[in-house]
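Worksheet for the structure shown next.
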Amino acid sequence: MTFEYIKALHIIFIVTWFAGLFYIVRLFIYQTEALDRPEAEKNILKPQLDLMANRLWYIITWPSAVLTLIFGTWVLLHRPTYLSMPFMHAKLTFVALLYIYHFRCHYIFKSLQNGKRIWNSSKLRLWNEIATLLLFAIVFLIVLKSLLNMLWGIAGLILLGASLMLATKWYKRFRERN
C-alpha cells in the first residue's frame, strides 16, 4: 500500500514540475518581449513578469523538481528490479535530459531577472517544445515498458518535433501578420 502512495506522489510532482516548466518558458517569452516595449510599458510589465516568474520558479517548479527526484528515487528503492529493465535506463536518460533542461531554464530565469536577454522570443518558443518532446518520451517509455516499441516512439517523436517546429513557425507568421 505504501508503494502506491509513493508512486502517486511521484506522478503528482511530475505533473506540477512539467506545469512549471511549460509556464516558465511562456513567462520568459513575455519577459523578453517586454524588454522591447517603450520605457513606460517596460517599467510596468517587467517588475510584474519578474515577480510572476520568481514565484512560479521558486514556489512551484523547483520544489516539484526536487520532490519528483525524491519520490522517484523512493519508487526505485521500493522496486529495485526496475533498474535491471532496459526501458528504465532509457527513461532515466530522458529524465537526466529533463534536469539539464531545467538547469538551463534556471540560467535563462536568472538572466531575465537581471534584465539580460538570452534568446529572442522565437527561439524561446522552440525551446519550450523540448519539454514537450521529453514528456512524450518519458510517458511512452514508462507506459509501454519496451525499447522495441521505443523505435516507433522515436520515429513518432521526430515527427512530433518536426510538427511542433512547423507549428511554431506558422504561428510566428500568423502573429506577425496580425
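Would you confirm, using the coordinates I've provided, whether Ser111 is without any contact (Cβ under 8 Å) to a residue 40 or more places away in the chain and either surrounded by fewer than 16 Cβ atoms within 10 Å (Cβ to Cβ) or out of contact with any strand residue (DSSP E or B) (no Cβ under 7 Å at 6 or more places or on another chain) (or both)?
Answer is yes for this residue.
Quick check on my filter: what residues within the stretch 81-91 are without any contact (Cβ under 8 Å) to a residue 60 or more places away in the chain and closer than 15 Å to Leu135 by Cβ?
Answer for the stretch 81-91, where residues must be without any contact (Cβ under 8 Å) to a residue 60 or more places away in the chain and closer than 15 Å to Leu135 by Cβ: just Lys91.
Read through the list (1) surrounded by 13 or more Cβ atoms within 10 Å (Cβ to Cβ); (2) of a type outside the set (S, T, N, Q); (3) assigned to a helix (DSSP H, G or I), then give the number of the only condition that Phe103 fails.
That leaves (1) as the condition not met.
Yes/no matrix, rows are residues, columns are (1) under 14 Å from His106 (Cα atoms); (2) surrounded by fewer than 20 Cβ atoms within 10 Å (Cβ to Cβ):
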position: Thr32; (1), (2): no, no
position: Ile44; (1), (2): no, yes
position: Gln48; (1), (2): no, yes
position: Thr61; (1), (2): yes, no
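State all residues of the stretch 128-178 that are charged (D, E, K, R) and outside any helix (DSSP H, G or I); if no residue qualifies, say none.
Within the stretch 128-178, Lys145 is the sole residue that qualifies.
Do we have any residue at all in the stretch 21-44 that's in a loop (DSSP other than H, G, I, E, B) and touching a Lys or Arg at 6+ places or on another chain (Cβ under 7 Å)?
yes
Just so you know, all these numbers are worked out from the coordinates, no wet-lab data involved. Please read these numbers as outputs of a predicted model, since none were measured by experiment. Counting neighbours? That spans all protein chains shown, and the Cβs are built from the backbone with ideal geometry, glycine included.
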